[in-house]
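Just below is one structure, and these are the notes that go with it.
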Amino acid sequence: MQSIRLGLFLLASASALPALSQEKVLNLYSARHYQTDEALYANFTRQTGIKINRIEGKEDELLERIKNEGANSPADVFITVDAARLAQADALGLFAPVKSRTLEERIPDNLRSHDWFAFSTRARVIIYNKASINPADVQNYEDLSSPKLKGKVCVRSGAHPYNLSLGSALIHHLGEQKTEDWARGLVANFARAPKGGDTDQIKAVAAGECGVAISNSYYIARLLRSDKEADKKAMEKVGVIWPNQKSFGTHINVSGGGMLKTAPHKEAAVKFLEYLAGDEAQAYFANGNNEWPAVKSVNAKNPALESLGSFKSDGLNVGTLSKNTALAQKVFDRAGWR
Ligand code: FE
């Protein structure tokens, strides 16, 4: 079929021949959709002549699609958020190992596995209502299960990957039993049943419906950068804590991607991954969602993030987070964190 189509094409348009033989493309399946990414991809095409065909969708849908397409999948690179999802793609055997000195030199050890790479990081932090909570009482994730906070905690579903990755890190640091005790205490402190996303929790803390919540850092930066008067007012009412500064550090998660085993354009795929680790792309990639660049020497110049200050992050390899994700789900289920 392929050769027939090609034959017809050659007959139909000889002038298109050079374009065909030189056609360089990359098929990108992306679960990231930010406006600044347009410039990021256009710049890659300008530098390399490789055109990017982008398929956007939700993480799970894209994974499902790649699985179903199997050996015939046109996907070259898959980009998504959350280490647990990257690890899920890995566990399904979808990624191919990538050997690249550029990537190994630029992406820190704890932010990559043997076949996928993180390109930006986000932290899971504690938000508190300045009027009703003493920040000294909420310095650690563990503090959120203290009876002191009865009726004050708001958090999204325990089934969400962000919380499962946090649970996975806690199991690593505290053990399964202590993590379950913690989750039980957390549930006992709920101000309301889990609902909504992280932004909803921040707004509920600002409104005084809850005293404290857990949120990813980029939702905070996004609200800090908002032009809306209501958002500005809300952010004046809340404080941000980097949890566990005196112990294992604040839990971090990532956006990242890898080359697919079935990638038809492997050379272009590696080039693209290396491009994402470059200085300019790093700043763009991170700023697109108010995250920090994975490459340490790159400054994203994001005033909202900078206003939050610096912190000690958990050095746990994000690739190992997935090891305990399924267990974290069981632990949260037992504790009643729906
Ligand atoms: Fe998110």
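Each value in this text was obtained by applying a stated rule to the coordinates, not by laboratory testing. Keep in mind the model is a prediction, meaning the values are calculated, not measured. Every residue, glycine as well, gets a Cβ built from its backbone with ideal geometry; the counts of neighbours run over all protein chains shown.
Of note:
- All other residues whose Cβ lies under 15 angstrom from that of Lys323 are scored, Lys and Arg at +1 and Asp and Glu at -1, for a net of -2.
- Whole-Hz ³J(HN,Hα) from phi, Karplus 6.51 cos²θ - 1.76 cosθ + 1.60, for the stretch 73-89, glycine and proline x: 4, x, 5, 9, 10, 10, 10, 8, 10, 5, 4, 5, 6, 4, 5, 5, 4
- Applying both filters, DSSP loop and at most 15 other Cβ atoms within 10 Å, to the trypsin sites (Lys or Arg not before Pro) of the stretch 69-159 gives Lys99, Lys130, Lys150.
- Between Leu28, Ser217, Ile241, the Cα set farthest toward the positive side of the dipole of the chain (charges on each charged residue's Cβ, about the Cα centre) is that of Ile241.
- This model, with +1 at the C-beta of Lys and Arg and -1 at the C-beta of Asp and Glu, gives the chain a dipole about its Cα centre of some 460 debye.
- Whether the stretch 213-338 is rounded, prolate or oblate, judged on the alpha carbon gyration tensor where a/c under 1.5 counts as rounded: oblate
- Taking other Cβ atoms within 10 Å as a rough exposure proxy, Asp198, Asp109, Asp115, Asp333 sort from fewest to most as Asp109, Asp333, Asp115, Asp198.
- Cβ charges +1 (Lys, Arg) and -1 (Asp, Glu), total dipole of the stretch 221-338, debye: 500 debye
- Set of lysines near Lys246 by C-alpha distance (under 23 Å), chain-local residues within fewer than 8 positions excluded: Lys130, Lys148, Lys178, Lys296, Lys312
- Tilt relative to the chain, helix 2-12 - C-alpha long axis, 0 to 90 degrees, to 10: 60 degrees
- Residues whose placed amide H lies under 5 Å from that of Phe95, excluding near-sequence neighbours: Lys261
- The packing ranking of peptides 256-267, 217-228, highest mean first, is 256-267, 217-228, where packing means the average number of other beta carbon atoms within 10 angstrom of each residue.
- Using only side-chain charges placed at the Cβ, +1 for Lys and Arg and -1 for Asp and Glu, the dipole size of the stretch 121-193 relative to its Cα centre rounds to 340 debye.
- Hz values of 3J(HN,Hα) by residue in the stretch 131-147 - Karplus curve (6.51, -1.76, 1.60), Gly and Pro given as x: 7, 10, 10, 7, x, 4, 7, 10, 7, 9, 4, 4, 4, 5, 9, 5, x
- Estimated [θ] at 222 nm from DSSP helical runs (n ≥ 4, -39500 (n - 2.57)) normalised by residues in the chain, nearest 500: -12500 deg cm²/dmol
- The stretch 126-203 shape via C-alpha gyration tensor axes, a/c threshold 1.5: oblate
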